[in-house]
Structure formats: structure tokens, C-alpha cells
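Notes follow once the structure below has been shown.
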Amino acid sequence: MNHSRFSLRRLRALCWKETLQIFRDPSSNLIAFILPLMLMFVFGFGINLDSSALRVGLLDEATGTESHGFSAALRASPWLEMSDYESRSRLEQDLVDSRIRGFVVIPQDFSRRLKDPSDTAPVQVVADGSEPNTAQFVGAYVNGVWQTWLAQRAADRGETREREVMLVPRYWFNPAATSRNFLIPGSITVIMTVIGALLTSLVVAREWERGTMEALLSSPVTRAELMLSKVLPYYALGMFSLLLCVATARWLLGVPFRGTLLALIVVGTFFLLSVLGIGLAISTATRNQFNAAQAALNAAFLPAVMLSGFIYEISSMPPALRAFTHLIPARYFVSAIQTLFQAGSLWHALWPQIVALMIASAFFLGLTARLTRRRMD
């Protein structure tokens, strides 16, 4: 390669050439404009850790005033979809057939056991343990209705309970404790990792396949100009995709965004540079577009999902795996964008993530430069 001086004019020409190539390539348009929206709706509506309207059976064997009151409280719960049954055998069979997720049995001696302070279980609750999370939800929801009904019953009777403590939880940053507000920012990380790595993983490989790399090598283009011409257009495209994802999350999926546009751009810039660097390094080392795309998905998508803290808690991983997560840019962007969505532009919390993303960007772009120098000299 001819080591001429850096030229802004050549850089503008190369960037314009790359921009035209982007918009003439259907795959780039699909990845940048269509894929983010598709993935946002898939993650937004397909992944949900909340359980609502759980199907639960109810058998009232007492048929008394108090049992009817508790049954009415269960039916009034927005979290439970109650169905009345007449026999235990039918309850058990529907639980085995997964028609219901659990059942509640109010025994015949419900009123007597309710008045006995030593009896701690006047109601039987059975849940489907094959799905542990759902089983916990069933128990928690029924217990919540039970405690609320007991408190209302005592208030109606004018009873006072000594030493009774009522816990009233308050959730900072996510008052409704909605899992979507936590999952959508993490899904944006996964989407941008895939898009950024895919976009640039095809760039250099496409030049080799089409035979245009030889023309570039015979021109006075410097390595810096060549790299910047591959990074800048795709950075602009990736930033547009990021803003599109955030706008979709905010106005279509209803996830509150409490940060500022400046903080989003700063954090997004260094994250995009790191994932673009990953894609460019793969593209430079692989001269086949299909192999480059496969390598980019394996190197970017899987770590972003499994090891970024998006779904699985990093602190619960083995020590060796926890140490390995520090090498993954998605780990830092997940933390940063969740802070922006749920807490706001807390710069003292964002700066450690920004610095880590700066280091990751420098590493992967530097790796690309090294691979480029070795293969194009």
C-alpha cells in the first residue's frame, strides 16, 4: 500500500463511495432499518418475566359466609383468573394437564380453623412446580390476597392486632416493578451488538469477493483513510439504528427514558465503535461474507445474550466466567443504558462504563489496524 499523507479529500470520497454502496445494498438496508424494529417487537412482546392472570382453580368446601368472602377476594384479584371446581380429583387432573397453574382449596372447617390462632394453614394452595417461577407467583399472589382479606376482615369487625407490622414496599426507578422496563434496555444492547457486528463484518470481505480491494490497494489510499471510510458511514448508520430503537422503546413500547440525548450519544458512540471494531476485525481476517457473518453472530450475539447481565445475573456466575465478562463490551452498555432508561443521566455511574467502552473500542479498532497492516502491505 502506498504510504502517502492523510487526505481529508480522499477520506470524503471514500466515505461517499461507502455510503452509496450501503444504500445500494439491500442487505445493509435490511440490517440497519428493518431488523432493529423486528427485534424490538420480538424482545418487547416475546420476553416477559411478569405473570398476570394466572389460571388458578378454586374449590370451596366450606360454602360459608367467610369462605365466600375470601373466594370473592380471589376472584377480584387482577393477577388471578379463578375457575370454580366441584371436586379435588378434577382439580388435580386439570393441573396435570396444564389447564391451570395451581389451585386453592377452602376446607369444610375453614371458619373454625380461621378462629384458631395456632392454626397457620386454614387454606390449601397447590402450584405446578414444573415451572418454579410460575409456582412462586401463584403462591405469592394467593398469599397477598389472603393477607389483604384478613386485614379487611379485621377492619370490618373493628378488631385491632397488637404488634402487627405491615410492610409497604417502594420500588425505586421502576415503581411498578415491570420487567419490560428492565428487559427492553438490555434487548437494545443485544440488537445493536448484532447490527453493528453484522454491518461491518461484511465490508472488507465484500471488497475481496467483488475484486475491488485490489483497486484500493493500488491507489494512494492510506490505512487510516481506509479504516475511517469503513467506520464512519457505518457509525452514522448504527447511531440511527440506536436512536430508532430508543424511540420505539419510548413511544411504542411505553418504556420510560429518563436520560438525556447527550448521554445516550456519548455512551452509544463508544459502544458502537467497539462492536464495529469487532465486525471489522472479523471481516479483515475473513475474506468470505458468509463466514464473516457467521463468525460475527457467534462472537457478538451469544456473549451479548449470555454474559452481559441482560438476562442472567453476572454475580451468580462462576468466578472464571465473571472475569471473562469484563472483556465483553455489551456488559458495560447494558449497565449504562439501563441507568439511562430507569435512573437518568447519572454521570458518576456512567463514567466507569464509558471508560471501559473506550478501552474496548481502542482494542478492537487497534486489532483491526494490525490485521489490516499484515494483510494489505
- Task: Could you please give the count of residues in region 310-361 that are in a loop (DSSP other than H, G, I, E, B) and over 17 Å from the mean Cα position of the chain (by Cα)?
- Result: 5
- Message: Considering only residues that are touching a residue at least 12 places away in the same chain (Cβ under 8 Å), more than 33 Å from the chain's Cα centre (by Cα) and part of a loop (DSSP other than H, G, I, E, B), which ones fall in region 39-87?
- Response: GLU61, ALA62, GLY64, TYR85, GLU86, SER87
- Just to be sure, is ALA295 over 13 Å from SER361 (Cα atoms), surrounded by 20 or more Cβ atoms within 10 Å (Cβ to Cβ) and either polar (S, T, N, Q) or in the same structural domain as THR368 (by TED's automatic domain parsing) (or both)? yes
- Would you call PHE103 in contact (Cβ under 8 Å) with a residue 60 or more places away in the chain, aromatic (Phe, Trp, Tyr) and either outside any loop (DSSP other than H, G, I, E, B) or surrounded by 15 or more Cβ atoms within 10 Å (Cβ to Cβ) (or both)? no
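Here is a yes/no grid of residues against (1) loosely packed, with under 12 Cβ neighbours inside 10 Å; (2) within 30 Å of TYR312 (Cβ to Cβ); (3) modelled with pLDDT of 85 or more:
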{"site": "HIS3", "(1), (2), (3)": "yes, no, no"}
{"site": "ARG12", "(1), (2), (3)": "no, no, yes"}
{"site": "CYS15", "(1), (2), (3)": "no, no, yes"}
{"site": "ILE22", "(1), (2), (3)": "no, no, no"}
{"site": "SER27", "(1), (2), (3)": "no, no, no"}
{"site": "ALA32", "(1), (2), (3)": "no, yes, no"}
{"site": "ILE47", "(1), (2), (3)": "no, yes, no"}
{"site": "SER51", "(1), (2), (3)": "no, yes, no"}
- Which residue out of PHE70, PHE33 is over 28 Å from THR222 (Cβ atoms) and in the same structural domain as ALA205 (by TED's automatic domain parsing)? PHE33
- Filter region 62-112 for residues that are touching a strand residue (DSSP E or B) at 6+ places or on another chain (Cβ under 6 Å) and of a type in the set (Ser, Thr, Tyr); which is modelled with the lowest pLDDT? SER67
- Task: Search region 164-188 for residues that are outside the structural domain of ALA330 (by TED's automatic domain parsing) and loosely packed, with under 10 Cβ neighbours inside 10 Å and pair each with any residue that is at pLDDT below 75 and part of a loop (DSSP other than H, G, I, E, B) when their beta-carbon atoms are under 6 Å apart and the residues are at least 6 apart or on different chains.
- Result: TYR171/ALA177
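The values are calculated or read from the model by the stated rules, or taken from the named source; none is laboratory data. In this text, all values refer to a predicted model and were calculated from it rather than measured experimentally. Note that we place each Cβ from the backbone using ideal geometry, even for glycine, and neighbour counts take in every protein chain shown.
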